[in-house]
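**Student:** Please find one structure pasted underneath; my questions will follow.
The values are calculated or read from the model by the stated rules, or taken from the named source; none is laboratory data. Quick caveat, the model's predicted, so the values are computed rather than measured. All Cβ positions, glycine included, derive from the backbone under ideal geometry; neighbour counts span all protein chains shown. Each accessible area value is taken on the protein alone, full model and side chains, heavy atoms only, with ligands, DNA and RNA left out. Shrake-Rupley method; radii C 1.70, N 1.55, O 1.52, S 1.80 Å.
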Amino acid sequence: MRVSFNVNGEDVTADNVWPGESLLYVLRERLGLPGSKNACEQGECGSCTVYFDGVTACSCMIAAGQAEGREVRTVESLAEGSGKGGDRALGTVQEAFVEAGAVQCGFCTPGLLVQTDDLLERTVGAGGQAPGDAEIREALAGNLCRCTGYEKIIDAVHLAAARRAEAAGSSS
Ligand code: FES
Ligand code: FES
């Protein structure tokens with residue numbers, strides 16, 4: 001079957017999609033967007049998290065056909081600048097994860113980045129308070145990491161929140 005939808009602001013079409021394929025598979029294998037990771041393919045780990053019509057979801061649990069006409073945003077959209085090339089700069093959340101040492105093997109990182117971006121959009125991005133530890137842990141509860149012990153991840157979210165609040169303050 002043919003599936004057409006919008007990814008990161010671009011209209012795309014994937015042909016010869018098998019009805020059992022997941023959105024994650026189509027993104028990675030057919031559309032050249034390998035940022036979203038396949039770690040469990042069972043909706044358990046959060047590594048494949050994307051925005052699906054503006055709401056975070058595990059792309060391994062979405063049938064490709066369900067994406068028809070929908071809007072998908074992947075971790076690739078969090079980088080600054082346009083295009084797919086290496087000339088794009090890291091976005092605020094990505095930079096914070098690197099600086100805080102929250103990336104080890106990196107398998108969980110794309111999902112954590114998308115989920116963190118969503119949390120910050122709903123808090124500091126909406127003119128609210130920076131999230132506290134409990135709110136961060138709750139927001140990231142569906143994202144499993146086998147390497148970091150989570151402390152560095154929490155630090156990274158605090159750092160990203162502070163930077164996003166600072167940027168919002170200086171632009172208002
Ligand atoms: S790969 Fe989708 S939740 Fe683990
Ligand atoms: S950094 Fe390895 S699973 Fe999180």
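**Student:** Could you give the length gained on full extension between residue 89 and residue 66, defined as 0.36 nm per residue of separation minus the Cα-Cα distance, in nm?
**Tutor:** In short, 5.1 nm is gained.
**Student:** Would you kindly derive the ³J(HN,Hα) couplings of the stretch 63-68 from the backbone phi angles with the Karplus curve 6.51 cos²θ - 1.76 cosθ + 1.60 (θ = phi - 60°), listing them in order in whole Hz, with x for Gly and Pro?
**Tutor:** Result, ordered by residue: 5, 3, x, 5, 7, 3 Hz.
**Student:** Add -39500 (n - 2.57) for each DSSP H run of 4 or more in the chain, then divide by its residues: what number comes out at 222 nm, to the nearest 500 deg cm²/dmol?
**Tutor:** Counting only the DSSP helices, I get -9000 deg cm²/dmol.
**Student:** Compute the projected area of the convex hull of the Cα atoms of the chain, averaged over all viewing directions, and report it in nm² to one decimal place.
**Tutor:** That works out to 9.8 nm², a quarter of the Cα hull's surface.
**Student:** Carbon-plus-sulfur fraction of the accessible area of the chain, 1.4 Å probe, in percent?
**Tutor:** 48 percent
**Student:** Now, a different point. Considering only protein heavy atoms, what per residue accessible area in square angstrom results for the chain with a 1.4 angstrom probe?
**Tutor:** 51 Å²
**Student:** Moving on to the next point. Angle between the Cα long axis of helix 109-122 and the longest principal axis of the chain, 0 to 90 degrees, nearest 10?
**Tutor:** Once rounded, one gets 60 degrees.
**Student:** Sorted by average packing, counted as other Cβ atoms within 10 angstrom per residue and highest first, what order do 44-54, 16-26, 123-133 take?
**Tutor:** Result, highest mean Cβ count within 10 Å first: 44-54, 16-26, 123-133.
**Student:** Then there's this: I need the peptides 151-158, 5-12 ranked by packing, meaning the mean over residues of other C-beta atoms within 10 angstrom, with the highest value on top.
**Tutor:** The packing order, highest mean first, is 151-158, 5-12.
**Student:** In vacuum, with every alpha carbon of the stretch 3-78 counted as one equal point scatterer, what does the Debye formula give for log10 I(q)/I(0) at q = 0.26 Å⁻¹? Two decimals, please.
**Tutor:** One equal scatterer on each Cα of the stretch 3-78 leads to -1.35.
**Student:** Rounded to the nearest 0.05, what FRET efficiency is calculated for residue 168 and residue 104 with R0 set to 25 Å and r the Cβ-Cβ distance?
**Tutor:** 0.25
**Student:** Tell me, what is the percent relative contact order of the stretch 1-125, built from C-alpha pairs under 8 Å that lie six or more residues apart?
**Tutor:** 26 percent
**Student:** At a Förster distance of 30 Å, what's the computed FRET efficiency of residue 4 paired with residue 42, Cβ-Cβ distance as r, to 0.05?
**Tutor:** 0.65
**Student:** Sticking with this one: For the stretch 85-170, rounded, prolate or oblate, judged on the Cα gyration tensor with a ≥ b ≥ c (square roots of eigenvalues), a/c < 1.5 rounded, else prolate if a/b > b/c?
**Tutor:** Taking the square roots of the gyration eigenvalues as a ≥ b ≥ c, the stretch 85-170 is oblate.
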